[in-house]
Amino acid sequence: MYTIYGIPNCDTVKKTLSWMKEKNIPFTFHDYKTMGITAKILKSWCEQLGWETIFNKRSTTYKELGPEKQASITSAAKAIPVMVEHTSIIKRPVITKADKVVMVGFDAKKYAEVEW
């Protein structure tokens, strides 16, 4: 079973959910806004992919942090607490299966290459 992490009103998450349903791929949805995210999960993702892959520097939330705070985020150890506090700063969606990250973001071509 796959878990899709994201925010339900995010267009990219909506595309992903539709794609998964269309392909009859079973999944559960983890809503950051209502369920939050743990530092342990984020640490695992960062170890698998690197924190820069998970941390969205193009998000509005990141831009609202201000230059000093932005400049201080230079490692997974510094990025993880920010992602726990501001879940909108996590790239969306993150798809996992058995704690392994399968995909980050939505790309129909890349999704088609995955053996779901």
Problem set entry | Filtered residues of the range 36-56 (kept if open to solvent by less than 30 Å² (accessible area, probe 1.4 Å) and either farther than 14 Å from residue 82 by Cβ or touching a residue at least 40 places away in the same chain (Cβ under 8 Å) (or both)) | 36, 37, 42, 45, 50, 54
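With the requirement that a residue be touching a strand residue (DSSP E or B) at 6+ places or on another chain (Cβ under 8 Å) and either free of Cβ contacts under 8 Å to residues at least 60 places away in the same chain or at positive phi (or both), what does the range 7-16 give you?
8
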Problem set entry | Output for the range 99-115, where each listed residue is charged (D, E, K, R) and either outside any loop (DSSP other than H, G, I, E, B) or surrounded by 10 or more Cβ atoms within 10 Å (Cβ to Cβ) (or both) | 99, 100, 107, 109, 110, 113
Seminar exercise, completed: Here the residues within the range 1-34 that are loosely packed, with under 11 Cβ neighbours inside 10 Å and farther than 15 Å from residue 102 by Cβ are 9, 11, 22, 24, 34
Exercise. Within the range 99-112, is there a residue that is at pLDDT 95 or above, within 30 Å of residue 24 (Cα to Cα) and of a type in the set (Gly, Ala, Ser)?
Worked result: yes
For this session: State the number of residues belonging to the range 21-33 that are in contact (Cβ under 8 Å) with a residue 24 or more places away in the chain and not in a loop (DSSP other than H, G, I, E, B).
Result: 7
For this session: Please find, among 90, 95, 80, 73, the residue that is closer than 22 Å to residue 36 by Cβ and more than 16 Å from the chain's Cα centre (by Cα).
Result: 73
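Kindly indicate whether any position in the range 57-68 is open to solvent by 90 Å² or more (accessible area, probe 1.4 Å), outside any helix (DSSP H, G or I), out of contact with any Cys (no Cβ under 9 Å at 6 or more places or on another chain) and not small (Gly, Ala, Ser).
Within the range 57-68 (the criterion being open to solvent by 90 Å² or more (accessible area, probe 1.4 Å), outside any helix (DSSP H, G or I), out of contact with any Cys (no Cβ under 9 Å at 6 or more places or on another chain) and not small (Gly, Ala, Ser)), the answer is yes, since at least one residue qualifies.
The values are calculated or read from the model by the stated rules, or taken from the named source; none is laboratory data. If you're wondering where the values come from, they're calculated on a predicted model, not measured in any experiment. Positions of Cβ are generated from backbone atoms using ideal geometry, with glycine treated the same way; all protein chains shown enter the neighbour counts. Keep in mind that these areas ignore ligands, DNA and RNA; they rest on the heavy atoms of the full protein, side chains included. Shrake-Rupley method; radii C 1.70, N 1.55, O 1.52, S 1.80 Å.
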